[in-house]
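Report on the structure given below.
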Amino acid sequence: MPQKNIKLNEMRHPDYAQDEQWIIAFLHQAQIGHIATTSAGNPYITPTLFWFDQEKGELYFHSNFRGHVRMNAEQHPQVCFEASRAGKLLPSNIALEFSIQYESVIAFGEIRVIEGAEEKKRGLYGLIEKYFPGMSPGEHYRPITDEELKRTSVYAITIQSWSGKRNWHEQADQGEQWPPLAEEWLGSQ
């Protein structure tokens, strides 16, 4: 459990809503996240690898030292984060019932640029450990150097609220007012 009290957002479809334990587990295994920042009213979305620090209730990621993400983070700290996973496509005999299996987490929070070398290294090593568990600096790869830290921006998003959503039905809703779909459509996805 995170030490911080993160608010669980209400959802329009409460039957798809997931609890905090599900959200935490999902963030530990999801591979790609998207961070939405703003600058002068324009949204900017960045796909990225990320690491969730459960004890702090923070998401860590990195980018180049200069660029949109860095500029936006320094000027507008409110951000939105998204991570998702998709399964199979789900056809229907009703146009607006076509669907897809999916699960996702949306989090709102405040981003900060990490300045201290030790915290930057902690965030970067957390990322490496998430994606390459068991590999150790100094044993399996050369540790991060001070020069590399100077060329890298590391960020932490302090999560203020979040929601988890899962819709993993085996079949989309079908209507009785139209002929049923042939098995070739239902079984091929």
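The values are calculated or read from the model by the stated rules, or taken from the named source; none is laboratory data. Source: prediction; values computed, not measured. For neighbour counting, all protein chains shown are included, and Cβ atoms are generated from backbone atoms with ideal geometry for every residue, glycine included.
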Can you tell me which condition PHE52 does not meet? The list is (1) part of a strand (DSSP E or B); (2) at pLDDT below 95; (3) surrounded by 13 or more Cβ atoms within 10 Å (Cβ to Cβ), and all the others hold. (2)
For region 2-15, check the following and say yes or no: at least one residue is modelled with pLDDT of 90 or more, under 30 Å from PRO133 (Cβ atoms), of a type in the set (A, V, I, L, M) and in contact with a Leu (Cβ under 9 Å, 6 or more places away or on another chain). no
All positions within region 168-189 that are modelled with pLDDT of 85 or more and within 31 Å of the chain's Cα centre (by Cα): TRP168, HIS169, GLU170, GLN171, ALA172, ASP173
Checked region 134-189 for anything in contact with a His (Cβ under 7 Å, 6 or more places away or on another chain) and farther than 30 Å from GLN21 by Cβ; matches are THR152, SER153
Of the conditions (1) surrounded by 13 or more Cβ atoms within 10 Å (Cβ to Cβ); (2) in a helix (DSSP H, G or I), GLU118 fails just one. Which one is it? (1)
Return a yes/no flag: does region 122-139 have any residue that is at pLDDT below 95, surrounded by 13 or more Cβ atoms within 10 Å (Cβ to Cβ) and either not in a strand (DSSP E or B) or not β-branched (Val, Ile, Thr) (or both). no
For the condition in a strand (DSSP E or B), surrounded by 12 or more Cβ atoms within 10 Å (Cβ to Cβ) and of a type outside the set (Phe, Trp, Tyr), what is the one hit in ARG70, ARG112? ARG112
Can you tell which of THR145, THR158 is touching an Asp or Glu at 6+ places or on another chain (Cβ under 6 Å) and either closer than 30 Å to PRO77 by Cβ or of a type in the set (Phe, Trp, Tyr) (or both)? THR158
Out of GLN160, GLN177, GLN171, report the one residue that is part of a loop (DSSP other than H, G, I, E, B) and surrounded by 13 or more Cβ atoms within 10 Å (Cβ to Cβ). GLN171
